[in-house]
Amino acid sequence: MIRYLLVFCLLAAPLAARAAEPARVMLVGTYHFSNPGRDQANVESVDVSVPARQAELQAVSDALVRFEPTLVGVEWPAAAADTEYARYLAGTLPPSTNEVVQLGFRLAKQRGLRQVHGLDVPGDFPFEPLQAWAQANGKAHALGALMAQAQAITGRITALQATHSIGGVLHEMNTPRAIDEAAGFYAEFLRYGKGDQQPGVALNAAWAARNIAICARLLQALQPGDRAVVFYGQGHVHLLATCVRATPGVELVEANAYLPEG
């Protein structure tokens with residue numbers, strides 16, 4: 001009986017070690033390549049379909065392959081990611097400049113993954129009540145200045161494309177300073193409100209709820225030992241990173257340890 005227990009313990013030990021292995025998550029903050037214009041401030045992307053930019057995108061994928069990802073997550077709903085990635089693998093997906101295709105699908109295919117995890121969920125962004133409160137309380141000028149600041153941030157990213165490769169632009173966007181600057185834009189909205197009227201709180205609560213739901217879908221997809229690369233709009237990265245860091249058994253990996261510079 002003791003012999004059988006010893007054998008069981010010897011077999012169970014490596015299994016326990018594997019079960020304890022953390023999942024590692026790399027969050028890559030991106031801009032929108034296909035210029036959808038859905039945000040309050042938008043980057044004007046260069047045409048990423050031209051050969052020179054395609055070579056730059058391949059260089060990004062080659063750099064991230066060194067992380068040996070076992071899971072790729074993207075800013076699309078799960079059903080869309082499943083359907084479109086299957087078409088991508090089959091060669092039937094029409095040409096697309098969307099960053100999900102150009103970054104997420106490219107990396108997943110290069111790694112031989114059969115699935116790309118769509119993590120996105122719908123969410124509210126109640127900006128109009130905040131605008132109305134600012135107008136009624138003498139803060140319309142301050143809000144206009146804040147929005148001009150957001151336009152300046154996206155303008156810098158637009159300008160970087162003239163002097164940097166796509167990998168270099170992404171590297172600049174994923175520095176701690178750039179991530180904090182993007183998060184600060186949302187924190188500034190907390191100044192808009194008084195007493196029981198708190199439109200800035202409502203906006204931040206809605207934004208946080210969406211990001212928590214995204215993080216939940218990521219955590220539900222992760223297995224011990226996974227190495228996940230998640231491509232998401234830069235503004236999401238601060239809250240997603242906070243969620244990942246707080247989760248036992250999950251480690252955050254800095255994107256700029258892998259992204260090319262220049």
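The values are calculated or read from the model by the stated rules, or taken from the named source; none is laboratory data. Being a predicted model, the structure only gives us computed values, none of them experimental. For neighbour counting, all protein chains shown are included, and Cβ atoms are generated from backbone atoms with ideal geometry for every residue, glycine included. Side chains are part of the model used for accessible areas, which takes the heavy atoms of the whole protein and leaves out ligands, DNA and RNA. Shrake-Rupley method; radii C 1.70, N 1.55, O 1.52, S 1.80 Å.
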Residue count, the range 155-188 (criterion: closer than 14 Å to PHE33 by Cα, buried (at least 18 other Cβ atoms within 10 Å of the Cβ) and out of contact with any strand residue (DSSP E or B) (no Cβ under 7 Å at 6 or more places or on another chain)): 7
Set GLN40, GLN54: member being at pLDDT 95 or above and polar (S, T, N, Q): GLN54
Determine, yes or no, whether ALA79 is closer than 23 Å to CYS215 by Cα, open to solvent by 40 Å² or more (accessible area, probe 1.4 Å) and not in a loop (DSSP other than H, G, I, E, B). yes
Are any residues in the range 205-224 loosely packed, with under 14 Cβ neighbours inside 10 Å and not in a helix (DSSP H, G or I), and if so, which ones? GLN223, PRO224
For the range 212-233, give me each residue that is within 22 Å of ALA183 (Cα to Cα), in contact (Cβ under 8 Å) with a residue 40 or more places away in the chain and not aliphatic (A, V, I, L, M). ARG217, PHE231, TYR232, GLY233
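Every residue, every condition in (1) part of a helix (DSSP H, G or I); (2) closer than 27 Å to MET26 by Cα; (3) open to solvent by less than 40 Å² (accessible area, probe 1.4 Å); (4) not aromatic (Phe, Trp, Tyr), yes or no:
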site: PRO69; (1), (2), (3), (4): no, yes, yes, yes
site: LEU103; (1), (2), (3), (4): yes, yes, yes, yes
site: PHE125; (1), (2), (3), (4): no, yes, no, no
site: PRO129; (1), (2), (3), (4): yes, no, no, yes
